[in-house]
Amino acid sequence: METRTFGRTGLDVSVLGFGGAPIGVLETGQREVDGVLGLLLDHGVNLIDTAAGYRGSEEAIGQSIGSRRDDFVLVSKCGQAFDDVPGSPWSAEVITATVDRSLARLRTDHLDVMLLHTCDREVLEQGEALGALVRARDAGKVRFVGYSGDNRTGAYAACLDDVSVIQTSVNLCDQVNIDEVLPTAAEFGVGVMAKRPIANAAWKDLNDQPGFYARYAETYTERLALMAFAPEDIGFEESDWAEVALRFTLSCDVHTAIIGTTNPDHVLANIEAASRGPLPEEAIARIRTAFEEAVEDAGEKWAGQT
């Protein structure tokens, strides 16, 4: 598995990472979680992403691979209010309590990265939320602090001295952050995690998507239809959609692309696709052009999806 240096963190992360939302939201059984996570780690995938708001995800990950803590870079996200922790959204109180809860759930004494989970720019400018994470970092509970979000707020976050990692949407149906966030992240040496790298499988019929995925895939499905792009346009086959999507994202200036799956066959397919490296330059240009022309035809800017 190829690794890239995760910005100024100095960590080496696999280009393919794991997104922990589905195992919580879909209430995946622990045996299935164990199988998927074990398979990923055994094949060199070393970045595991989750969030305090992904119901059951942190607990499942901790139970499954807490004993292999040295084998992976662990990322979680926080900021929202929860019934079982004190404090209002984005307050120092709720963030401090959520960090401690995440450590217990994940069965670890530190997180490699803790991200603010898509707050708006005003919250960042006020400084209370970020300051709470900085104090957690200084206390040794978190190694690096970051932000999960998109568009101009994502670019603003990448400029902040204490932000070492950005998680932002980058895929063939969501290209705004390629121009709006990634250059700033590169300028400031910020590690970049691409979320939704396969565009929530937007090439599928929405009726074939589980409810959790369908909600997030609707916008991308509409965009892809307007783009009028297919893998055959760049020399691939229709069955290669997932590979084309992942390799496009990995062709961008990102360090890792996180995919959430509960299917071992999909794990192996993603690993194989990632091993083939970035797409050829002419294929990248074709996808970029398809997006730009669709945006022009739509008559409105397509924002990065939060």
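Here are a few things to note about the model shown:
- Note that segment 137-145 has calculated 3J(HN,Hα) couplings of 5, 5, 7, x, 7, 9, 7, 9, 10 Hz, one per residue in order, obtained from phi through the Karplus relation 6.51 cos²θ - 1.76 cosθ + 1.60 (θ = phi - 60°); glycine and proline are x.
- Highest-MSF residue in the chain out of Leu74, Leu26, Leu246 [GNM, Cα springs under 10 Å]: Leu26
- Bridge type composition, the chain - antiparallel percent by DSSP, nearest 5: 10
- For segment 137-179 versus segment 247-306, the gap between their alpha-carbon centres in whole angstrom: 18
- Local electrostatic count at Ala202 - Lys and Arg +1, Asp and Glu -1, tallied over other residues with Cβ under 11 Å: -1
- Degrees, to the nearest 10: 281-298 long Cα axis against longest axis of the chain: 90
- Sequence-separation-based contact order of the chain, relative, with Cα cut under 8 Å and 6+ spacing, percent: 19
- Taking Lys and Arg as +1 and Asp and Glu as -1, the other residues whose beta-carbon sits under 14 Å from that of Glu232 total -4.
- Cα long-axis angle, helix 211-227 against the chain (0 to 90 degrees, to the nearest 10): 40
- Note, ³J(HN,Hα) from phi for segment 247-258, Karplus 6.51, -1.76, 1.60, rounded to Hz, x at Gly and Pro: 5, 4, 4, 6, 7, 7, 7, 10, 9, 8, 10, 9
- Inter-site label distance for Glu292 and Val134 at 7 Å from Cα along Cβ, in nm: 3.9
- Sequence-ordered 3J(HN,Hα) estimates for segment 153-158 from the Karplus curve with 6.51, -1.76 and 1.60 and θ = phi - 60° stand at 5, x, 5, 4, 4, 5 Hz, glycine and proline given as x.
- Cα-based helix-to-principal-axis angle, 92-106 vs the chain, degrees rounded to 10: 80
Each value in this text was obtained by applying a stated rule to the coordinates, not by laboratory testing. Not measured: the values here are computed from a predicted model. Glycine gets a Cβ as well: all are built from the backbone with ideal geometry, and neighbour counts include every protein chain shown.
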